[in-house]
Each structure stands twice: as structure tokens, then as C-alpha cells.
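Everything on this sheet refers to the single structure shown next.
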Amino acid sequence: MIVYSVEKYNCMQSKGYANWAKVFNLKLVAETVNYLSENNISDISTLDAKISELSDKLYEKKERSKANEKRIKILEEQIKDIEVYRKTKPVVEGGPKHFGKEKYRHEHEAEFILYAAAERSIKKAFGDKKLPLIKELRAEQKKLRTEADKLWAEIKNERPQLDELRKMKNNIDCFLNSDNQHDRSRDRKRYNELE
């Protein structure tokens with residue numbers, strides 16, 4: 001919110017504008033004080049601590065959700081590679097051992113290429129371990145998706161509270177700055193009168 005200064009706008013200096021600015025600022029102060037008292041915030045350090053705590057909490061949830069989504073993508077690639085590997089393995093291993101080997105390989109070149117790429121990817125991901133079941137990978141993927149969706153829902157619900165706290169902090173900063181500016185302008189005016 002903006003704290004309107006009565007002295008700031010010389011061109012709009014009228015009694016109506018001055019009255020409106022004072023009423024607006026008073027309503028803003030009342031709104032801020034009510035919010036702070038309803039939320040048991042008695043000083044600026046408590047407000048800053050709550051903003052920091054909630055901001056850190058939301059950031060941590062966002063990072064966990066992003067990590068889950070990254071893992072989901074990795075699992076999707078692993079599932080795809082395992083499916084391709086299992087689908088092309090019988091073709092690659094089922095060919096003739098001696099006679100007609102080159103002809104068979106030429107006829108099934110696409111399967112050989114897919115098999116080799118899937119095998120490299122699987123070895124990189126799992127090493128020499130036994131391949132996991134696709135069902136297990138999909139279950140992990142589903143669990144991660146559920147958790148990520150839950151985290152995003154929590155972020156969506158808690159974000160307005162953080163925005164409101166930041167708005168109140170901004171209001172307080174505006175009030176303090178406008179009071180300081182008012183005091184400084186009054187001091188300058190008095191100083192100029194003394195000269």
C-alpha cells in the first residue's frame with residue numbers, strides 16, 4: 001500500500017485531497033494494527049522473524065517439490081529405457097549365431113540401435129544390479145507425484161499469508177518513512193525560519 005503524503009503533491013494541495021489522504025492513511029494504519037494484534041505480532045523483529053520463517057518454509061517446500069519432479073522425470077526415462085531394453089532384447093539375442101548374422105542384423109538395425117542405447121542408459125543408472133520392476137518404478141513415481149502435488153497445494157495456501165505479512169511490513173516501513181520525512185521537512189522549515 002502507498003502512504004499518501006499531504007505535503008508531497010503541491011499541485012494537488014487542496015483541503016479535500018489533504019482530508020482524503022489523512023483518512024486513507026488512518027484506515028491503513030488501523031488495518032495494519034488490527035492485523036498485527038490479531039496475529040500476536042507486537043514488534044518489527046517478530047514480524048521480520050515470521051516473514052523469514054514462512055519464506056524459508058515455502059522455499060524448502062518448493063525445493064522438495066522440484067526435487068520430486070526431477071526424480072519423476074528420471075524415473076520416466078528409466079521406465080522407457082527398461083521397456084525398450086526388454087522389448088528389443090529378444091530380437092537382438094534371437095538372431096542366428098553364425099550363418100546370416102549380418103543379414104539379420106541389417107534387417108533389424110533399428111532394434112539393435114535402440115537396444116544398445118537402452119543398455120547403455122540402464123548400465124549408467126543401475127550398474128550391474130538387477131533391473132527393478134516397472135511396477136515398482138511407477139509406484140515410486142506415483143508416490144512422488146502425490147507428495148509434489150501436496151507440497152504445491154500447501155505453497156498455494158500459505159503464499160497469501162506471506163504476501164499479507166510482507167504487505168504489513170511494507171505498510172510499517174511506509175509509515176515510519178513518511179513520519180521521518182514529515183519530521184525532516186518540519187525541521188527544515190523551522191531551520192529556514194531561523195535564518
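Can you confirm whether residue 147 is touching a helix residue (DSSP H, G or I) at 6+ places or on another chain (Cβ under 8 Å) and assigned to a helix (DSSP H, G or I)?
Spelling it out, residue 147 is indeed touching a helix residue (DSSP H, G or I) at 6+ places or on another chain (Cβ under 8 Å) and assigned to a helix (DSSP H, G or I).
Of the residues that make up region 42-64, is at least one among the polar types (S, T, N, Q) and either at pLDDT below 85 or not in a helix (DSSP H, G or I) (or both)?
Yes: one or more hits.
In region 2-33, how many are modelled with pLDDT under 80, among the aliphatic types (A, V, I, L, M) and closer than 21 Å to residue 173 by Cβ?
3
Is there any pair linking a residue in region 81-107 that is within 22 Å of residue 120 (Cα to Cα) to one that is of a type in the set (Ser, Thr, Tyr), with Cβ under 7 Å and at least six apart or on different chains, and which?
If the second residue must be of a type in the set (Ser, Thr, Tyr), the pairs left are 81/121; 85/115; 88/115; 89/115; 92/115; 95/104.
When the residues of region 91-123 are narrowed to those that are of a type in the set (A, V, I, L, M, F, W, C) and surrounded by fewer than 11 Cβ atoms within 10 Å (Cβ to Cβ), which ends up modelled with the lowest pLDDT?
My answer is 99.
Any residue in region 24-42 that's loosely packed, with under 11 Cβ neighbours inside 10 Å: show its pairings with residues that are assigned to a helix (DSSP H, G or I) at Cβ separation under 9 Å, as long as the two are six or more apart or on different chains.
40/46; 42/36
Do we have any residue at all in region 162-185 that's at pLDDT 90 or above and in contact with an Asp or Glu (Cβ under 8 Å, 6 or more places away or on another chain)?
So far as region 162-185 goes, yes, one or more of its residues are at pLDDT 90 or above and in contact with an Asp or Glu (Cβ under 8 Å, 6 or more places away or on another chain).
The values are calculated or read from the model by the stated rules, or taken from the named source; none is laboratory data. Since we're looking at a predicted model, the values are computed, not measured. Every residue, glycine among them, receives a Cβ derived from its backbone with ideal geometry; neighbour counts consider all protein chains shown.
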